[in-house]
Amino acid sequence: MCKRKKNPAIEDKINERLSGGAQKNALDFAAFLRANDMSLERGIGFDGWNVYAKKTQIAMLAVDGEKNEFRIVLHISGHGGEAADDDLREFTWAHVVPCPQGCGGPEFCEESQNRRTILGKEYESTCQSPLAFFNLDAEELKKAEKLIIMFILALK
């Protein structure tokens with residue numbers, strides 16, 4: 001009988017591919033997600049994990065060993081921001097991903113003219129996943145966690 005190979009937990013890939021502060025911060029973030037009832041499911045067709053809260057996909061995580069990099073891409077943006085202070089707003093706005101961002105241009109991305117309001121600031125064109133974070137330090141991760149909780153609380 002053939003046994004199906006189990007998909008690795010994100011923590012396994014973090015330990016295998018990252019080192020130093022990137023590894024510690026990525027493990028801390030994965031623990032935060034699990035402690036707040038978010039599920040992580042291995043992505044199909046890419047080397048990453050989808051994050052779900054309240055049955056809604058809110059993010060994608062990737063672990064890049066070549067760059068010793070941990071990536072968080074948030075699919076949420078426009079709701080729940082009323083409680084954000086100026087520091088959290090500035091942090092968030094600094095991580096907005098414009099579109100097109102090199103994925104082949106507007107002809108390849110139906111979201112290329114996606115207007116959004118993110119924490120009160122208007123954007124003419126953002127990626128369909130409008131927020132991206134790369135190798136955040138511990139202080140920045142706390143801000144990302146606060147942002148995620150704020151958005152999750154606004155989900156129905």
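General observations
- The listed residues are Ser112, Ser77, Ser129, and the only one of them that is modelled with pLDDT under 80 and crowded, with 20+ Cβ neighbours inside 10 Å turns out to be Ser77.
- Selection of first residues in segment 84-97 that are assigned to a loop (DSSP other than H, G, I, E, B) and of second residues that are surrounded by 15 or more Cβ atoms within 10 Å (Cβ to Cβ) and of a type in the set (A, V, I, L, M, F, W, C), restricted to Cβ pairs under 8 Å at least 6 apart or on distinct chains, gives the following pairs, ordered by first then second residue: Ala84/Leu119; Ala84/Leu147; Ala84/Met150; His95/Leu131; His95/Ala132; His95/Phe133.
Table: residues versus (1) hydroxyl-bearing (Ser, Thr, Tyr); (2) surrounded by 14 or more Cβ atoms within 10 Å (Cβ to Cβ); (3) at pLDDT below 90; (4) closer than 14 Å to Leu119 by Cα.
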residue	(1), (2), (3), (4)
Gly45	no, no, yes, no
Trp49	no, yes, no, no
Ala53	no, yes, no, no
Ala62	no, yes, no, no
Ile72	no, yes, no, no
Gly81	no, yes, yes, yes
His95	no, yes, no, yes
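- Per the conditions (1) at pLDDT below 90; (2) of a type outside the set (Ser, Thr, Tyr); (3) surrounded by fewer than 15 Cβ atoms within 10 Å (Cβ to Cβ), the sole criterion not satisfied by Gly21 is (1).
The values are calculated or read from the model by the stated rules, or taken from the named source; none is laboratory data. As the structure is a prediction and not an experimental result, all values here were calculated from the model. Cβ sites come from the backbone with ideal geometry, for glycine too, and all protein chains shown count toward neighbours.
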